[in-house]
1. So is Thr78 assigned to a strand (DSSP E or B) and either in contact with a Pro (Cβ under 6 Å, 6 or more places away or on another chain) or among the polar types (S, T, N, Q) (or both) or not?
2. For Tyr148, are the conditions met, namely being modelled with pLDDT of 95 or more and more than 25 Å from Phe24 (Cβ to Cβ)?
3. I'd like the full set of residues that are free of Cβ contacts under 8 Å to residues at least 24 places away in the same chain and not polar (S, T, N, Q), limited to the range 29-54.
4. Touching an Asp or Glu at 6+ places or on another chain (Cβ under 7 Å), surrounded by fewer than 21 Cβ atoms within 10 Å (Cβ to Cβ) and more than 20 Å from Ser126 (Cα to Cα): which single residue out of Glu21, Glu3 fits that description?
5. Which of the helices (runs of 4 or more DSSP H) contained wholly in the range 90-180 include at least 1 residues that are surrounded by fewer than 19 Cβ atoms within 10 Å (Cβ to Cβ), touching a residue at least 40 places away in the same chain (Cβ under 8 Å) and within 20 Å of the chain's Cα centre (by Cα)?
6. Here are some residues: Ile79, Ile48. Which one is of a type in the set (Val, Ile, Thr) and touching a helix residue (DSSP H, G or I) at 6+ places or on another chain (Cβ under 7 Å)?
7. Among the numbered criteria (1) of a type outside the set (S, T, N, Q); (2) in a helix (DSSP H, G or I); (3) within 18 Å of the chain's Cα centre (by Cα), which one does Lys58 miss?
8. Residue under question is Thr62, and the condition is that it be closer than 26 Å to Lys188 by Cα and of a type in the set (S, T, N, Q); does it hold?
Amino acid sequence: MKEFILASQSPRRKQLLEWAELNFEIIVQSTDESYPDHLPLDQVPIYIARQKALTVRKHVQTTFHGQFASTPILAADTIVVLDGKVIGKPSNRENAIEILQSLSGQLHQVITGVVLINGQQEIVFSDITEVKFHPLTIEQISHYVDKYQPYDKAGAYAIQEWIGVVGIASIKGDFYNVMGLPVSRVVKALEQLEISPN
């Protein structure tokens, strides 16, 4: 499988792709992560991921003068949805605690949008995983926020950290999607690029 560009600075996505033994280069550009209000929720992370991919493609085209012209670009974005409302990254400690209190004992959805661009070809999909937390005490929440500082994470938590180990009651769907990337579907999409005509 040929090399691709990962348009993400997420250490979790990097780790997952390394676990899948894929060859990739990380190129990241600052991208506006706002989105139109009318979008269906499963389209929100796709919209943001597409902006990331297109921004990196433009950067690559102007900076590397064709060096990566035929290299596919992979971008992804993950959102957390509770009761039909998107929960973003916490702005501070108090906000992180507030978010986790709202998720405590509740079922929520984690949606990752994936965009893979290769020339004129584009493969796009979103993956949804349902996650339910046990009721969490304020002591548990405060401990997690203070020790792990989940300020760069949608929903203010990482499933692979302490809060996921002790606090999650059930998961329906792809565990790795909650980490930030439905890796097996990404691998299949990359294979699809390999067999597709140019």
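1. Numbers: assigned to a strand (DSSP E or B): yes; either in contact with a Pro (Cβ under 6 Å, 6 or more places away or on another chain) or among the polar types (S, T, N, Q) (or both): yes.
Against the criterion (assigned to a strand (DSSP E or B) and either in contact with a Pro (Cβ under 6 Å, 6 or more places away or on another chain) or among the polar types (S, T, N, Q) (or both)), Thr78 qualifies.
2. Values: modelled with pLDDT of 95 or more: yes; more than 25 Å from Phe24 (Cβ to Cβ): yes.
Considered against the rule, which asks whether it is modelled with pLDDT of 95 or more and more than 25 Å from Phe24 (Cβ to Cβ), Tyr148 comes out as yes.
3. If the condition is that a residue be free of Cβ contacts under 8 Å to residues at least 24 places away in the same chain and not polar (S, T, N, Q), then Asp32, Tyr35, Pro36, Asp37, His38, Leu39, Pro40 are the ones that fit.
4. Working: Glu21 fails: touching an Asp or Glu at 6+ places or on another chain (Cβ under 7 Å).
Among Glu21, Glu3, only Glu3 is touching an Asp or Glu at 6+ places or on another chain (Cβ under 7 Å), surrounded by fewer than 21 Cβ atoms within 10 Å (Cβ to Cβ) and more than 20 Å from Ser126 (Cα to Cα).
5. Numbers: elements: 93-103, 138-148, 162-167, 175-179.
Result: 175-179.
6. Values: Ile48 fails: touching a helix residue (DSSP H, G or I) at 6+ places or on another chain (Cβ under 7 Å).
After ruling out the rest, the residue left standing is Ile79.
7. The single condition Lys58 does not satisfy is (3).
8. Details: closer than 26 Å to Lys188 by Cα: no; of a type in the set (S, T, N, Q): yes.
So Thr62 does not fit the description; no.
The values are calculated or read from the model by the stated rules, or taken from the named source; none is laboratory data. Keep in mind that what you see is a predicted model, and the values were worked out from it rather than measured. No Cβ is skipped: glycine too gets one built from the backbone with ideal geometry, and neighbour counts run over all protein chains shown.
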